[in-house]
Amino acid sequence: MNVAHEPAELPEARRAAAVGTFDGVHRGHLRVIDAARAAGLRTAVVTFDPHPRAVLGGRVELLATLERRLELLEAAAVEDVLVLRFDEQLAALGATEFAEQMLRGIGAEVVAAGETFRFGRGREGDLSALAELGFDVRRVPLVENVSSSRIRELVHAGETERAAVLLGRPPEVEGIVVHGDGRGRALGFPTANLAVPPGLLVPPDGVYAGWTRDRPAAISIGTNPQFDGVERRVEAHLLDFDGDLYDQRLVVEVWSWVREQRRFDSVDDLVAAIGVDVERTREASRPA
């Protein structure tokens, strides 16, 4: 998959472009990509980073990093991606300027987007404006109740299984594995401590069943109340794994809720509870 940050970086081709932020690359996004692909031209995605809402004064917690978004787009068989840096300069482009420079600039003849897609300075442009400029517009109806905002709400509430239905896969957390306090190993349950990128959405505190590196993982999110912790951490205990993951990037699927984070009467009670967490994780199923 070709990834470019300027239209001129992509080789000349006749393209059908799917346009949007594509945070999470959920089921609705995939429908837009499929609509572009159906045109029979080279399939491209035009997307933005950082999230436009964050630049325009809003706050947004992302479902996926840009790196993960690109991996998911590649898995969806997208051939080319134009990642546009969303800044004040791009936000100031009029709708016609944006269409001519960024869409016509990559050879887009067909443009697919969700039916509510807006673009250009002050969100002045819509799909009708693109059609007036001569693009073959593929207007994609929204998938009922499927949106990045709704998925964020569900993940915020810890409803990871419901979020998975809208995403088309389980929600994820990711980060680089860094050194922690070593308590997990001392207790017999070593964990990979993730340095989660700023701005990435993390489910509420608790213990979850999940999956990473082709094996089940018991995931702890919280401040480690047993040891009076104050820093919120994401730690994954990979079942039946004994290896070094330090400095490696780990993408962890969060499948289902196991229990709340709490302080136990003794460390022995904590160890027993973790043992139950592991067994429940081993028995967990990936959300459909």
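When the stretch 1-42 is limited to residues that are assigned to a helix (DSSP H, G or I) and among the aliphatic types (A, V, I, L, M), the one that is nearest to Ile151 (Cα to Cα) turns out to be Leu30.
Among the residues of the stretch 64-84, the one identified as part of a loop (DSSP other than H, G, I, E, B), surrounded by fewer than 23 Cβ atoms within 10 Å (Cβ to Cβ) and under 13 Å from the mean Cα position of the chain (by Cα) is Thr65. When Arg152, Arg169 are checked against the criterion of being crowded, with 18+ Cβ neighbours inside 10 Å, touching a helix residue (DSSP H, G or I) at 6+ places or on another chain (Cβ under 9 Å) and assigned to a loop (DSSP other than H, G, I, E, B), a single residue qualifies: Arg169. Among the residues making up the stretch 153-169, those that are touching a Pro at 6+ places or on another chain (Cβ under 8 Å) and closer than 15 Å to Val143 by Cα are Ala163, Ala164, Val165.
Residues that are modelled with pLDDT of 95 or more and among the basic types (Lys, Arg) within the stretch 234-274 comprise Arg249, Arg259, listed in sequence order.
Each row is one residue, and each column tells you yes or no for (1) in contact (Cβ under 8 Å) with a residue 24 or more places away in the chain; (2) farther than 20 Å from Glu115 by Cβ; (3) touching a His at 6+ places or on another chain (Cβ under 8 Å).
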site	(1), (2), (3)
Ala16	yes, no, no
Asp23	yes, no, yes
Val55	yes, yes, no
Leu66	no, yes, no
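Being hydrophobic (A, V, I, L, M, F, W, C), modelled with pLDDT of 95 or more and either under 30 Å from Glu253 (Cα atoms) or assigned to a strand (DSSP E or B) (or both) holds for only one residue in Val110, Val60, Val143, and it is Val110.
Summed over the stretch 118-128, residues that are in contact with a helix residue (DSSP H, G or I) (Cβ under 6 Å, 6 or more places away or on another chain) and either within 24 Å of Ala8 (Cα to Cα) or crowded, with 20+ Cβ neighbours inside 10 Å (or both) total 3. The residues in the stretch 190-218 that are in contact with a Ser or Thr (Cβ under 8 Å, 6 or more places away or on another chain), over 19 Å from Glu153 (Cα atoms) and assigned to a loop (DSSP other than H, G, I, E, B) can be counted, and the count is 2.
For Ala18, indicate whether it is within 23 Å of Leu166 (Cα to Cα), in the same structural domain as Met102 (by TED's automatic domain parsing), surrounded by 22 or more Cβ atoms within 10 Å (Cβ to Cβ) and in contact with an Asp or Glu (Cβ under 7 Å, 6 or more places away or on another chain). No, not satisfied. Apart from one condition, Glu161 fits all of (1) part of a helix (DSSP H, G or I); (2) within 24 Å of Val55 (Cβ to Cβ); the exception is (2). State whether one or more residues within the stretch 156-166 are assigned by TED's automatic domain parsing to the domain that holds Gly275, closer than 16 Å to Thr281 by Cβ and in contact (Cβ under 8 Å) with a residue 40 or more places away in the chain. For the stretch 156-166, residues assigned by TED's automatic domain parsing to the domain that holds Gly275, closer than 16 Å to Thr281 by Cβ and in contact (Cβ under 8 Å) with a residue 40 or more places away in the chain: absent.
Under the condition of being over 23 Å from the mean Cα position of the chain (by Cα) and surrounded by fewer than 16 Cβ atoms within 10 Å (Cβ to Cβ), which residue from the stretch 21-54 is farthest from Pro141 (Cα to Cα)? It comes out as Gly40. Counting only residues that are surrounded by 11 or more Cβ atoms within 10 Å (Cβ to Cβ), farther than 21 Å from Glu67 by Cβ and of a type outside the set (S, T, N, Q), the stretch 239-269 holds 12 of them.
The values are calculated or read from the model by the stated rules, or taken from the named source; none is laboratory data. Given the structure is predicted, the values throughout are model-derived calculations rather than measurements. We place every Cβ from the backbone using ideal geometry, glycine too, and count neighbours over all the protein chains shown.
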